[in-house]
Every structure is written in structure tokens, then in C-alpha cells.
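Structure, as C-alpha cells:
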Amino acid sequence: MIGGRTWLAVAAGPETWKHYYIAEDALLSVPLAVAMNKNFCLRKKLNWVISSLNNAGLHEKISKDESFKLWNTVPERRRIITVKGTALSLSDLMSAFVSLLIGLGLAIISFVCEIIHAQFKKKAKN
């Protein structure tokens with residue numbers, strides 16, 4: 001799994017019931033930005049507020065709190081559970097095979113039409 005460290009902490013971590021471990025190293029660092037008008041009068045103040053929030057660690061705390069709320073509301077769906085799979089039957093795959101046959105049929109019809117069209121073009125040149 002690849003994702004943000006705070007979001008991965010929901011599904012991975014040092015707890016014994018979690019199946020994944022979060023690596024210490026980061027794969028990449030992506031800075032985020034706020035788009036604003038060039039003549040925005042509060043540009044410096046907004047930049048200062050954003051820097052203050054980041055430096056105080058509030059963004060990370062809010063992210064962790066929100067991910068914990070998500071994790072806590074539906075724990076059964078969030079936890080990784082291994083379920084024994086059952087074999088697919090032919091009726092499960094029937095729509096896939098029908099779609100494949102329809103696609104192949106349309107491709108063959110298109111190919112035949114292209115050949116006929118090329119033959120007519122050859123005869124028209126002669």
C-alpha cells in the first residue's frame with residue numbers, strides 16, 4: 001500500500017492486530033498549495049496562518065483525529081480480514097463471456113467492412 005503516513009497509520013502500525021508496518025522512510029514529499037488571486041489583499045497573512053498551522057503540527061493532528069474518527073466509526077470495514085474465497089462458477093462469468101463475444105463480433109464486422117471499403121477504393125482508382 002502507498003499513501004499518506006497519517007492515513008496509512010489507520011490500517012498499519014505497530015499494533016499486533018494490524019497486518020502491515022509503516023516504513024520510516026518517505027517515498028516522496030509533496031507540498032500542497034493554496035491558489036489565490038495575484039492581487040489578493042490578505043496573501044501575506046494567509047501564508048503566515050498556513051505556516052503557523054503547519055509549524056504547530058495542527059494539520060497533522062487534525063488529519064490523525066479525522067482518520068481515528070473514520071477508523072472508530074466502522075471498525076469492521078476498516079480492518080483487514082482474510083476470508084476464504086470460493087471458486088467462480090460459469091454463471092458468475094457469463095456476462096464477461098457475453099461481453100467478450102459481442103466485442104469480438106463487432107471487431108470482426110468492423111474488420112470486414114474495412115476490407116470491403118479498401119476493395120471499393122482500389123476499384124475506384126482503376
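The values are calculated or read from the model by the stated rules, or taken from the named source; none is laboratory data. Keep in mind that what you see is a predicted model, and the values were worked out from it rather than measured. Cβ atoms come from the backbone with ideal geometry, glycine included; neighbour counts cover every protein chain shown.
Summary of values
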| quantity | calculated |
| --- | --- |
| Looking only at the stretch 77-95, and only at residues there that are modelled with pLDDT of 85 or more, surrounded by 10 or more Cβ atoms within 10 Å (Cβ to Cβ) and of a type outside the set (D, E, K, R), the one that is nearest to L8 (Cα to Cα) | L93 |
| Subset of the stretch 82-126 (residues that are β-branched (V, I, T), within 32 Å of the chain's Cα centre (by Cα) and part of a helix (DSSP H, G or I)) | V98, I102 |
